[in-house]
Amino acid sequence: MVDVTTDRYTAEQRALLALWVVPGLGPRTLGRLRAFTGGGFARLVACPVREWVGEVPLPVPVRRRLAEVGELGPLAERVLERCAAGAMGVAFQGEPAYPARLAETDDAPPLLFYRGQVGPPRRRVAMVGSRHPDQGFLPFARGFARQVAEGGVGVVSGAAAGVDRACHWGALDAGGETWAFLGSALDELDPAQAKLLPHFLARGGVFFSELPPGVRASTTTFPRRNRLIAGASDAVLILRAGAASGSLYTAEAGRTQGRPVLALPGDVMNEGAAGCNALIRDGHARACLSVHEVWRAVGIHPERVVPPGEGSSWEELSVEARGAYQVLDRVPRSFDEVLAGSRLSPAALTSALVELELSGLVIQHPGRLYEKV
């Protein structure tokens, strides 16, 4: 469940939250302010803004907005109260609920607002596309996303009408993980997103936004959120995009962030696929012809998994490795969780997990989390 209590936040976090909701204070501007304060914001909470704002190297419009705030502490309290009313959590960089891959990117927001239960680390792929693809494509997109999720890969998209929403539903169909990054605040959902949210919450999905409560979607917020979709993922797949599709912003963000970018090719006569075809033609994306290429792009190989009891590779495993494998799932589990279910000693389990990793049956995530592949 989302922790909506307000007393768990430190003075540093409250100051950062208050600063973040001031229009014009983006990640880079906050970086300049942090340098001015010597590395932290905590001391600004109890200090009237007028006493320090004039000394900060900020654009004049931003300085004026800050001067109108009065004090950061009360502003942070008001934001937290709105979050609590809307059942929203606040995830700061470095906390488990903040996507670790996103935190590695330039221009990552210092915090995110979210609804849902953020699961353990796993491989994830951004799957995006047109709001109005050609007839018959949405069922294909939903089925393709379901296959991706069945391989244990999380699906990240933007909850927009069309391909994005079909991909979310495909992941949910498979009982897989799916994340949505929105172009509005989480208390400003459009009717379709509001209808989708309960399904996310019931099945382990998460809605994220960098925008504070009360901010509505606009033509400027959607391109900005696309960098978050790409940044939280290990690879980017454009399923359907015309020459001017907003999905191409996600492809560009993925390239900038060093993510593998894939695109589903389409008929050259289909204008709705012109953006995907151009990405492939110009060398900005690899052609994606099967779900196996998505799995390989994010670094997992479900097709290598040998079902228990079948094949010589399984028979060659030690008894301990087979026992450990039976405890694992396509949801990362900690060493202690596997230990409790395997009835092995810590040393025997360590050896078994190494054997499974070398056999290509298991991957280890940071923090000694293990997952079937």
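The values are calculated or read from the model by the stated rules, or taken from the named source; none is laboratory data. All of these numbers come straight from a predicted model, not from anything done at the bench. Cβ: placed from backbone, ideal geometry, glycine included. Neighbour counts: every protein chain shown. Note: areas computed on protein heavy atoms with side chains; ligands, DNA, RNA excluded. Shrake-Rupley method; radii C 1.70, N 1.55, O 1.52, S 1.80 Å.
Pairs linking a residue in region 164-193 that is under 21 Å from V90 (Cβ atoms) to a residue that is of a type in the set (V, I, T) and in a helix (DSSP H, G or I), with Cβ atoms under 8 Å and 6 or more positions apart or on different chains, are F181/I229; G183/T221; S184/T221. Highlighted here are the helices (runs of 4 or more DSSP H) found entirely within region 1-90 that include at least 1 residues which are modelled with pLDDT of 95 or more: 11-20, 72-85.
Just to be sure before I move on: is E355 modelled with pLDDT under 90, of a type in the set (D, E, K, R) and crowded, with 16+ Cβ neighbours inside 10 Å in the structure I sent? It would help to see each step written out before you state the result.
Details: modelled with pLDDT under 90: yes; of a type in the set (D, E, K, R): yes; crowded, with 16+ Cβ neighbours inside 10 Å: yes.
Yes, satisfied.
Within region 177-193, being surrounded by fewer than 19 Cβ atoms within 10 Å (Cβ to Cβ) and at pLDDT 95 or above holds for one residue alone: E188.
Close Cβ contacts (under 6 Å, 6 or more residues apart or on different chains) running from residues in region 132-157 that are within 18 Å of W295 (Cβ to Cβ) to residues that are among the aromatic types (F, W, Y) and part of a strand (DSSP E or B) comprise V156/W179. Find all pairs meeting these conditions: Cβ atoms under 6 angstrom apart; at least six residues apart or on different chains; first residue within region 34-58 and within 18 Å of P110 (Cα to Cα); second residue in a helix (DSSP H, G or I) and open to solvent by 30 Å² or more (accessible area, probe 1.4 Å). Partner pairs satisfying both residue conditions: G40/E12; F41/E12; A42/A11; A42/E12; V45/A11; V45/R14. For region 98-192, the strands (runs of 3 or more DSSP E) that sit wholly inside it and include 1 or more residues that are in contact with a Leu (Cβ under 7 Å, 6 or more places away or on another chain) and closer than 23 Å to P332 by Cα are 111-116, 124-129, 178-181.
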